[in-house]
1. For the range 47-65, which positions are buried (at least 16 other Cβ atoms within 10 Å of the Cβ), of a type outside the set (Gly, Ala, Ser) and modelled with pLDDT under 85?
2. Please go through the range 22-44 and give me each residue that is surrounded by 15 or more Cβ atoms within 10 Å (Cβ to Cβ) and either touching a residue at least 60 places away in the same chain (Cβ under 8 Å) or touching a Pro at 6+ places or on another chain (Cβ under 6 Å) (or both), ordered by number.
3. Taking the stated definitions as given, is residue 41 polar (S, T, N, Q) and farther than 16 Å from residue 95 by Cα?
4. Give the residues of the range 66-83 that are surrounded by fewer than 15 Cβ atoms within 10 Å (Cβ to Cβ) and either in contact (Cβ under 8 Å) with a residue 24 or more places away in the chain or over 29 Å from residue 35 (Cβ atoms) (or both), sorted by residue number.
5. Filter the range 14-37 down to the residues that are modelled with pLDDT of 75 or more and out of contact with any strand residue (DSSP E or B) (no Cβ under 8 Å at 6 or more places or on another chain) and list them by number.
Amino acid sequence: MSKLRLFAALLLVCFLATSCYTSRVFHGNVTDNTPQVEVASRKNHILLWGLLPLSSASQEAKNSVSDARNYTTKTTHTFVDGLLSSLTFGIYTPTTTKYLVPLNER
């Protein structure tokens, strides 16, 4: 029974800690309260605990938001990204980047 409780506690920590791995960067005149819509999402493949990005990890915003001057870049470690990272002991550490633009500029 104690192993079940330990497993449940570890699972709960995994779910609660996933929001800690999120960073948002606002470009232009975008604020936290600006209504936005997601226009693109891409996976970033990174090796060796985040030290060695592969060529597919390029985060060129121009490819995703075109000529938009106001946009938000949101990079997260999703649950699946964290699971893959822990299964490989950090050797493979993927992230997910989402690009958002304001509703009135779409």
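The values are calculated or read from the model by the stated rules, or taken from the named source; none is laboratory data. What you see is a predicted model; the values in this text were computed from it and never measured. Quick reminder, even Gly has a Cβ in these numbers, built from the backbone with ideal geometry, and neighbours come from all protein chains shown.
1. Correct list: 53, 65.
2. Correct list: 30, 34, 36, 39.
3. Values: polar (S, T, N, Q): yes; farther than 16 Å from residue 95 by Cα: no.
In short, no.
4. Start the filter on the range 66-83 by keeping residues that are surrounded by fewer than 15 Cβ atoms within 10 Å (Cβ to Cβ), which leaves 66-67, 69, 79-80, 83.
Listed by number, the residues that qualify are 69, 79, 83.
5. So the first thing to find is which residues in the range 14-37 are modelled with pLDDT of 75 or more, and the list is 21-37.
Those that are modelled with pLDDT of 75 or more and out of contact with any strand residue (DSSP E or B) (no Cβ under 8 Å at 6 or more places or on another chain): 29, 31, 33.
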